[in-house]
Amino acid sequence: MSSNRRHVSGAKRLAPLSLAFVASAAPASAQGTEGTQLAPVFVTAARAPQSFDRLVADATVIDAQEIARSGAQSLTELLQRHAGLEVVMNGGPASTSGVFIRGANRNQTLLLIDGMRVSSASVGAPSLEAVPLDQIERIEILRGPASSLYGADAIGGVIQVLTREPGDSLRVGANAGHGTYDTRSGAARIAAGFGALRFALSAGGKRSDGFNVTTPDATFFYNPDRDGYRSDDASAAATLTFAPGHEVSFDALRNRVDAQIDVDPSFDDRTRTTLQTWKLRSRNRIGEQWTSTASIGEVLDDSVSIAGFGTSAFTTRQRQYAWQNDLVVPMGSVTLAIERREETVQQEAGFAVTARNTNAVGGIWQMQHEGHALQANLRRDRSDQFGGETTGAIAWGWRFAPEWRVTASYGTAFKPPSFNDLYFPGFSNPELRPETARSAEAGIYWSRSHGERSMALRAVAWHNRVRELIVFQCDADFNCRPENVADATLEGVTLGATATDGSTTMRASLDVQSPKDDATGRLLPRRAKQHGVVSLLHRLGPVQLGVEVVSSSHRFDDAENLRRLGGYTLVNVTAEWSLPRGVTLFARGDNVLDRDYALASGFATPGAQVFAGLRWQMP
């Protein structure tokens, strides 16, 4: 798949978002991709390239230009600005972070890097903070359950990161910047092609003195010092076309993050996280209607926490094999895939089991006929640890008029318990069952364009029932372990609008949702009832100016809804100046009104900050 800081009430805060939805418009694609300038295809929704005008999924693409223009310091910060996604960070950009897609738990989002599953088998969630933005060519976001495509964990959706691609001709680029908290970063990249061989190399790094990531209410963990970080990343990609329709490719990525944390006030506590992936793939066109793709790869997630009381280390290694066959059939296409995943965990806690294997087989059928689009998925996963799970999905779209399109879908998903849930000594439950989900979705899209003016509106409603949720419980004697005791309902509506008028583009999205525990009716922790984004970009010759408003209503930090996290509104501004010879000067101000807000109780967020620098791309 690679090639692929004063709180105001929540209602007052979100009013501008609603107004923006009514007043602004623009056509993203028919699929409502929020006005981002999209590539012509989307890979994640069907494990193969699909044209956007035929998608029946709620999807978004973030391309390299938008990533660079965003000025975001981390993948988590970038994702926060897109519909259907809420984030949590235990401090700054290098701190433990996660994303909630449509109210689902952070460990119910599947992260892929170049088609490879990335997660910690010990905690059961990906290390988003370890994915370097410098190495990303493109991000695809698929909202909604996708276990019928990718197996475990994709209850809320899928985020796929595609790294730098090989080039057909020589391309050289670099960037450097400096900002608040003495944050500095730099990166360089080269891509080229020599006959049948194409390649790309990229390397980057970041340093920051940081800020104090905890607040006084963090009690035991509070240490009034700065918590800095550093990261060093690199990626490589190469493709060899040894015959027409036949190629072999290799992708690799490595990032090491060393981040200070607060645990023992008398010690320089830190966490060192290493994320490493590689993938070897052979793609062969057997005939006019048959393409075969075989791949093998490995993902390493290594985390070492060093504190005054000792050192804790967890290493997850996933070896992944896949063979996929894409067939053209009358009125559509069929994809058949076989996969195997081998997970191992190395740790000092003394787990009773440290490995598990999962085999899977799946199929995808797509059909297009007279304005109708249909996709059906079916998959069977068989694990030697939790047994078998069958998931499926069906999605339909109908363009009933040139400017109008409707979609509807239904799908199932599951997530198995993590190794920590099952085997952590004294705090585990080996009898846990996988979490399961059933979800339905419907959307309506309208778009119109005329010359340099374009408009689009979208509304997508979803309802997701999640069963057998794993919750950590303690009895009266403080004997604690996880149990399958909770059910949850995740439902809501996403409204989106974009408008383009010559050199001006406006984009707005608003999520109104109710992610609740079925038994108590309370909100799930750290999820808001409303959140949204409004952005405006305007180009004046070689200068491009932007303003962005990110807003959220209040949330709660606990399942009992007792620890309230106030709502917030953040204002960010950007500026770019394009100069001759491929040079671009850029500046970004984040949280320019210096709002004090929290994403997690006891953990601080940055105040007003500025980051500026330059990018160069060989003309």
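Each value in this text was obtained by applying a stated rule to the coordinates, not by laboratory testing. Quick caveat, the model's predicted, so the values are computed rather than measured. Neighbour counts run over all protein chains shown; Cβ positions are idealised from the backbone, glycine included.
Subtracting the Cα-Cα distance from 0.36 nm times the residue separation, let me have the gained length for D475 to Q289 in nm, one decimal.
The D475-Q289 span can extend by a further 61.0 nm.
Take the alpha carbon atoms of the stretch 171-235, find their center, do the same for the stretch 549-602, and report the distance between the two centers in whole angstrom.
19 Å
In nanometres, what is the gap between the two model label sites at S305 and A176, each 7 Å from Cα along Cα-to-Cβ?
Going from the S305 label point to the A176 one covers 3.7 nm.
I'd like the Karplus ³J(HN,Hα) series for the stretch 331-346: coefficients 6.51, -1.76, 1.60, θ = phi - 60°, whole numbers in Hz, and an x wherever there's a Gly or Pro.
6, x, 8, 10, 10, 10, 9, 10, 9, 9, 10, 10, 10, 10, 10, 10
For volume of the Cα convex hull per residue in Å³, several values are listed as [x] 144; [y] 183; [z] 162; flag the one computed from this structure.
[x]
Counting other C-beta atoms within 10 Å, which of H372, H531 has the fewest, and how do the rest follow? Present the calculation step by step, with values, prior to reporting the outcome.
Details: H372 13, H531 29.
Listed from fewest to most nearby Cβ atoms, that is H372, H531.
Can you check what the net charge comes to around P216, using other residues whose Cβ is under 14 Å from the Cβ of P216 (Lys, Arg +1; Asp, Glu -1)? Let's see the in-between values first.
Numbers: positive: none; negative: D217, D225, D262, D596.
Charge balance in the 14 Å sphere: -4.
Residues with beta-carbon under 15 Å from that of A360, excluding A360: net charge, scoring Lys, Arg +1 and Asp, Glu -1?
Around A360, the charge tally is +3.
Assuming a ≥ b ≥ c are the square roots of the Cα gyration tensor eigenvalues, decide whether the stretch 471-619 counts as rounded (a/c under 1.5), prolate (otherwise, with a/b larger than b/c) or oblate.
It comes out prolate by the Cα gyration axes.
Give me the one-decimal nm value for the distance between modelled label points at N359 and R581, 7 Å along each residue's Cα-to-Cβ direction.
6.1 nm
Nearest 0.05, what FRET efficiency do A313 and E560 give at R0 = 41 Å with Cβ-Cβ as r?
0.80
Give the calculated FRET efficiency between R272 and A608 to the nearest 0.05, with a Förster radius of 25 Å applied to their Cβ-Cβ distance. Numbers along the way, then the final one.
Working: r = 29 Å, r/R0 = 1.18.
Once rounded, the FRET efficiency stands at 0.25.
A 30 angstrom limit on the alpha carbon distance is what I want to check against. Which of K279/K529; K206/K279; K415/K529; K279/K415 exceed it?
K279/K529
Per-residue HN-Hα couplings for the stretch 244-261, Karplus 6.51 cos²θ - 1.76 cosθ + 1.60 at θ = phi - 60°, whole Hz, x for Gly and Pro?
Computed from phi, the couplings for the stretch 244-261 are x, x, 10, 8, 10, 9, 9, 10, 8, 9, 9, 9, 10, 10, 10, 10, 6, 9 Hz.
If packing is taken as the average count of other Cβ atoms within 10 Å, what order do 573-581, 472-480, 443-451 fall into, highest mean first?
443-451, 573-581, 472-480
Give me the net charge of A587's neighbourhood, meaning all other residues with Cβ under 15 Å from the Cβ of A587; Lys, Arg count +1, Asp, Glu -1.
Taking every Cβ under 15 Å from that of A587, the sum is +1.
Modelling each spin label as a point 7 Å along the Cα-to-Cβ direction, I'd like the T520/W616 distance in nm, to one decimal.
For the pair T520/W616, the computed spacing is 5.6 nm.
For the chain, give the magnitude of the charge dipole about the Cα centre (Cβ charges: +1 Lys/Arg, -1 Asp/Glu; no others), in debye to the nearest 20.
Computed about the Cα centre, the dipole is about 1320 debye.
Projected onto the charge dipole of the stretch 465-619 (+1 at Lys/Arg Cβ, -1 at Asp/Glu Cβ, origin at the Cα centre), which of C474, V534, A587 gives the Cα projection farthest towards the positive end?
A587
Between E370 and A243, 0.36 nm times their residue separation minus their Cα-Cα distance comes to what?
Numbers: separation 127, 0.36 × 127 = 45.72 nm, distance 3.66 nm.
Full-extension gain reported as 42.1 nm.
At 0.36 nm per residue, minus the direct Cα-Cα distance, what do R438 and H450 gain on full extension? Give it in nm, one decimal, please.
Working: separation 12, 0.36 × 12 = 4.32 nm, distance 4.05 nm.
Full-extension gain reported as 0.3 nm.
Return the FRET efficiency for the residue pair V543, D594: r is the Cβ-Cβ distance, R0 is 35 Å, and the value is rounded to the nearest 0.05.
Once the sixth-power term is evaluated, E becomes 0.85.
Just order 538-551, 374-387 by mean Cβ neighbour count inside 10 Å, highest at the front, would you?
Answer by packing, highest mean first, reads 374-387, 538-551.
Give the shape of the stretch 262-335 as rounded, prolate or oblate, defined through the alpha-carbon gyration tensor: a ≥ b ≥ c are the square roots of its eigenvalues, a/c under 1.5 means rounded, and otherwise the shape is prolate if a/b is larger than b/c and oblate if not.
Judged from the Cα gyration tensor, the stretch 262-335 comes out prolate (a/c at least 1.5, a/b above b/c).
Within 10 Å of each residue's Cβ, count the other Cβ atoms and sort T520, T60 from fewest upward.
Least crowded to most crowded, the residues run T520, T60.
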